[in-house]
Amino acid sequence: MAAAFLNPPALSPPTGYSHVAIAPAGRQVHLSGQVAFAADGSLVGENDLAAQTEQVYANLKAGLAAAGADFAHVFKVVAYVVGLDADKAAIVRRVR
């Protein structure tokens, strides 16, 4: 069973998150923090936040696949962006 995400109508409309997350019982997979490195260790997208974010999500996808999972099974993602502002947040949301 995949994780379920709910936004009850009694709560304000969320922006970029869900008010309620339900994780099914059973096996849990935790991925380490991922950065914009390719499989060969090279940096992808120097000074290009969109390219870096795409690489991070590709890395997460590969890690999930190695565990027999995909993004439908993801309960929580925590992202850290250096110098985050509205423009950078929009880029990350678009790629995500």
- request: Could you grab me the full set of residues in region 34-50 that are among the small types (Gly, Ala, Ser), in contact with a helix residue (DSSP H, G or I) (Cβ under 9 Å, 6 or more places away or on another chain) and either exposed (fewer than 10 other Cβ atoms within 10 Å of the Cβ) or part of a helix (DSSP H, G or I) (or both)?
  value: ALA39, ALA50
- request: Please go through region 82-96 and pick out each residue that is more than 17 Å from GLU54 (Cβ to Cβ) and among the small types (Gly, Ala, Ser).
  value: GLY83, ALA86
- request: Collect the residues in region 51-72 that are over 13 Å from the mean Cα position of the chain (by Cα) and in a helix (DSSP H, G or I), keeping them in residue-number order.
  value: ALA51, ALA65, ALA66
query: Only one of these conditions is not met by ARG27: (1) loosely packed, with under 13 Cβ neighbours inside 10 Å; (2) of a type in the set (D, E, K, R); (3) part of a helix (DSSP H, G or I). Which number is it?
result: (3)
query: Of GLN52, GLN28, which residue is under 29 Å from ASP87 (Cβ atoms) and of a type in the set (S, T, N, Q)?
result: GLN52
task: Could you grab me the full set of residues in region 62-93 that are at pLDDT 95 or above and among the basic types (Lys, Arg)?
output: LYS88
task: Inspect all residues belonging to region 48-60 and state whether any of them is touching a residue at least 40 places away in the same chain (Cβ under 8 Å) and small (Gly, Ala, Ser).
output: yes
- prompt: Which of the residues that make up region 9-31 are in contact (Cβ under 8 Å) with a residue 24 or more places away in the chain and within 12 Å of the chain's Cα centre (by Cα)?
  reply: GLY16, LEU31
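The values are calculated or read from the model by the stated rules, or taken from the named source; none is laboratory data. Predicted model, so just to flag it, every value in this text is computed and none were measured. Note that each Cβ is placed from the backbone with ideal geometry, even for glycine, and that neighbours are counted across all protein chains shown.
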